[in-house]
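In what follows, a structure is listed as structure tokens, so that the remarks can point back to it.
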Amino acid sequence: MKRQRVIGGLILLAAILIAALLILSRSQPEEKPPEELIPLVQAASLEIRSGNLMVTGSGTVRAREELTLAAEVAGKLVYVNPNLREGQRIARGATLFRIDTSDYRNAVQTAQADVASQGVAVLQAREEVALAKAELERFRERGASGNAYASVDDSDYAAQILPPDTLAKNKAATRQQPTKKLSANGLATRQPQLNSARAGLKRAQANLANARIALNRTVVRAPFSGVVRTEQIAVGSFVQPGQSLGSLVGTSEFEAVIPLSEKEAVLIPRLFEKSKGGRIDAAVFSSYGGKRYRWQAYVDRVNSVLNPKTRTIDVFLRIPNPLRGGAPALLQKDEEGSARAPAAPPLFVGKFVGAEITGIALENYAILPLAALRAGNKIWLVRDGRLNIVEVDIFQRTDKSAFISTEGLGDKPAVITGNLKIATEGLRVRIAKPRAAAKVSGSTKAAPAK
């Protein structure tokens with residue numbers, strides 16, 4: 001028993017000695033400073049441009065010329081253009097429809113007969129005026145002469161049958177009384193009758209002109225090239241003046257109404273005095289079948305009255321030749337790698353389009369992704385691995401980006417597009433490497449960031 005206790009004590013003593021030896025012979029751990037946690041951020045380089053700033057907007061396309069088809073005279077339709085159907089195109093000057101001309105041709109012939117009759121009446125009145133003036137002239141000569149017999153001529157039968165004593169008495173009375181100047185009465189000269197006949201001729205000529213105009217109005221032609229929007233017309237139907245028979249939309253030019261704010265409108269030079277500085281170029285964009293197309297346009301006019309609903313300035317863009325098809329905004333490449341232009345559709349009335357209007361010329365401006373814009377028009381720049389908060393001046397803002405001033409951006413600016421829980425001036429950050437696109441089995445997949 002005593003021996004076992006001695007052996008246990010020795011074992012315990014040996015364990016204590018070994019433990020002490022291990023403690024005394026251990027090495028000191030290397031001291032390291034605490035590791036600083038640097039946030040990883042997504043950043044993008046800003047694109048710097050120079051030249052004219054493009055003011056963007058959106059609006060609706062509408063017809064510049066549109067009219068309602070109607071008859072000017074009453075009658076039965078005897079012809080209707082086969083292309084006068086909804087959606088069909090009509091060429092300028094094409095006959096749209098014709099009205100029965102029987103009654104109107106008869107009216108023209110009646111008016112022509114009235115003109116001929118009134119012409120004869122004028123000739124007759126003119127001859128009567130000449131005879132009346134000659135008769136009055138003979139009476140003047142007789143009154144001016146003192147000799148009663150001298151006034152008797154071959155055509156004065158009443159004077160030739162008077163007794164000689166009566167002629168002598170009249171001669172003596174004429175010598176005692178002063179000579180009176182005969183004044184011609186208007187009716188005596190028959191001039192009013194001639195004026196009445198001339199007025200009747202003018203009335204007949206006016207009726208003839210009206211009859212011919214009514215006859216010409218039986219044929220209705222297209223005043224411009226266009227597309228039939230609506231039609232309510234058929235051969236054999238009876239129409240009245242002013243009755244709506246359809247509508248025609250001009251296709252030579254369309255226009256788009258683009259509402260702009262005051263901050264956007266001020267970026268367009270000579271907007272309200274474009275006649276002095278020349279035409280302001282623009283372009284409209286429309287999507288069709290997933291592809292984007294472009295049509296050339298220019299500023300036609302500006303509404304000087306604010307839109308009462310949106311409180312914006314309406315700018316009207318004129319679009320020439322909208323049905324010829326727009327140019328593709330981006331050229332596509334075929335299987336062989338050559339650029340090709342897809343078939344462009346026409347521009348449709350009522351289509352919602354985007355627009356770009358040539359604005360002021362700037363030496364430099366930057367295109368900022370809208371995700372990088374912070375509250376108060378501030379952005380987070382990365383300079384030498386540290387965050388800098390810069391307030392920028394925004395020229396224009398779109399749905400995806402903003403055009404900003406380059407003041408305070410420096411050379412090759414990189415802006416943070418992601419979010420940070422805490423953003424302070426001078427904070428150290430790390431920029432994540434962009435993901436590379438790898439082509440696998442004909443499909444594009446994003447490679448993970450290393």
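Numbers for the structure displayed
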item: Residue satisfying all of: in the stretch 38-82; part of a loop (DSSP other than H, G, I, E, B) and touching a Leu at 6+ places or on another chain (Cβ under 8 Å); nearest to Val220 (Cα to Cα) among these; result: Ala71
item: Total residues in the stretch 384-437, condition exposed (fewer than 14 other Cβ atoms within 10 Å of the Cβ), part of a strand (DSSP E or B) and either touching a Lys or Arg at 6+ places or on another chain (Cβ under 6 Å) or modelled with pLDDT of 85 or more (or both); result: 5
item: Unmet requirement for Pro259, which otherwise passes all of (1) closer than 23 Å to Gly51 by Cβ; (2) within 15 Å of the chain's Cα centre (by Cα); (3) of a type outside the set (Ser, Thr, Tyr); result: (1)
item: Residue that is closer than 30 Å to Tyr79 by Cα and either at pLDDT below 85 or touching a Ser or Thr at 6+ places or on another chain (Cβ under 8 Å) (or both), where the choices are Val152, Val219; result: Val219
item: Which listed residue is in contact (Cβ under 8 Å) with a residue 60 or more places away in the chain and at negative phi, from Ile404, Ile379, Ile357; result: Ile357
item: Condition met for Glu65 (under 30 Å from Ile268 (Cβ atoms), surrounded by 15 or more Cβ atoms within 10 Å (Cβ to Cβ) and within 53 Å of the chain's Cα centre (by Cα)); result: yes
item: Selection within the stretch 231-250 - within 19 Å of Ala94 (Cβ to Cβ) and surrounded by 14 or more Cβ atoms within 10 Å (Cβ to Cβ); result: Glu231, Ile233, Val239, Leu245, Gly246, Ser247, Leu248, Val249, Gly250
item: Members of the stretch 1-59 found to be of a type in the set (Ser, Thr, Tyr) and either at pLDDT below 80 or touching a Ser or Thr at 6+ places or on another chain (Cβ under 6 Å) (or both), listed by number; result: Ser25, Ser27, Thr56
item: Total residues in the stretch 75-100, condition surrounded by fewer than 18 Cβ atoms within 10 Å (Cβ to Cβ) and more than 30 Å from Leu323 (Cβ to Cβ); result: 3
item: Search result, residues across the stretch 301-331 that are of a type in the set (D, E, K, R) and closer than 29 Å to Ala344 by Cβ; result: Arg301, Asp314, Arg318, Arg324
item: Filtered residues of the stretch 347-376 (kept if aliphatic (A, V, I, L, M) and within 21 Å of Ile389 (Cα to Cα)); result: Ala366, Ile367, Leu368, Leu370, Ala371, Ala372, Leu373, Ala375
item: Answer from Ala361, Ala355, Ala371, Ala375 - the residue that is closer than 20 Å to Tyr298 by Cβ and either surrounded by fewer than 19 Cβ atoms within 10 Å (Cβ to Cβ) or among the polar types (S, T, N, Q) (or both); result: Ala361
item: Selection within the stretch 214-223 - farther than 14 Å from Ala71 by Cβ and surrounded by fewer than 18 Cβ atoms within 10 Å (Cβ to Cβ); result: Pro223
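Listed here are the residues, each with its yes/no results for (1) within 23 Å of Val235 (Cβ to Cβ); (2) hydrophobic (A, V, I, L, M, F, W, C).
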position: Gly59; (1), (2): no, no
position: Thr68; (1), (2): yes, no
position: Arg85; (1), (2): yes, no
position: Arg89; (1), (2): yes, no
position: Phe97; (1), (2): yes, yes
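The values are calculated or read from the model by the stated rules, or taken from the named source; none is laboratory data. This one's a predicted model, so the numbers in the text were calculated from it and none came from an experiment. Cβ: placed from backbone, ideal geometry, glycine included. Neighbour counts: every protein chain shown.
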